[in-house]
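The values are calculated or read from the model by the stated rules, or taken from the named source; none is laboratory data. The structure presented is a predicted model; accordingly, all values stated were derived computationally and were not measured.
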Amino acid sequence: MQDAVFEILFLGENPSWSSLQHALLEAPKYPLRVRWVDSLGELLRALTKGQWHAVAIDVHAWNFRGLHYVEKIRSIYPALPILGLYAGALPEIEAKARSCGATHCFALEKVVACTLHDALASIFAENDSWSILQKTSQIADTHGEPERVALTFSKNQVITHALNNLLCVICANADILSDEFNVSGPDARPILEIKKAAKSAAALVRHLK
């Protein structure tokens with residue numbers, strides 16, 4: 001399927017959609033058709049009504065709820081390729097997205113049409129393309145009313161994602177402050193201690209999950 005036109009559903013917020021649109025400027029050369037939806041219910045309805053090759057999800061969307069959406073879609077559509085899109089400033093989110101079920105992950109700032117097309121071409125080349133689409137279609141037919149799907153999150157999941165979000169923001173902003181003010185020597189110690197503490201806390205959160 002190297003020359004195939006891949007039909008992709010994208011779930012995310014407006015800023016990430018704008019970044020993805022910029023990446024799709026190469027689309028005439030690497031044929032991709034992407035439709036933006038802004039809710040899980042709309043995405044599930046679209047999956048039941050059409051034949052899609054993949055879904056792309058902004059894992060940061062709605063305060064990292066995108067990670068839950070990856071997990072939810074993977075549980076419903078085990079054969080469907082899921083592309084996780086994340087901010088390059090927070091590379092540790094890639095591993096989390098993969099653990100939730102993303103097939104491939106791409107940093108939004110670096111993704112281009114050819115990488116998306118080649119990733120999907122590789123997936124369909126390594127697997128029987130008809131089998132993947134047929135499985136997706138069959139599951140969609142038996143899935144019923146998508147708007148009735150209820151997302152359930154335990155208290156621990158909510159707390160864990162909130163803490164991860166906080167720690168990621170702390171680490172990222174510590175890096176920004178360090179670069180912006182060119183902090184070095186003794187003056188760098190407070191920022192280094194903040195980053196060290198945040199990374200230790202993040203490791204502890206992962207261990208406790």
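Within this structure, Ile57 passes the test of being in the same structural domain as Ile123 (by TED's automatic domain parsing) and either on the phi > 0 side of the Ramachandran plot or within 12 Å of the chain's Cα centre (by Cα) (or both).
Matching residues to (1) closer than 29 Å to Lys199 by Cα; (2) not β-branched (Val, Ile, Thr):
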| position | (1), (2) |
| --- | --- |
| Thr48 | no, no |
| His60 | yes, yes |
| Glu71 | yes, yes |
| Tyr77 | no, yes |
| Ala87 | yes, yes |
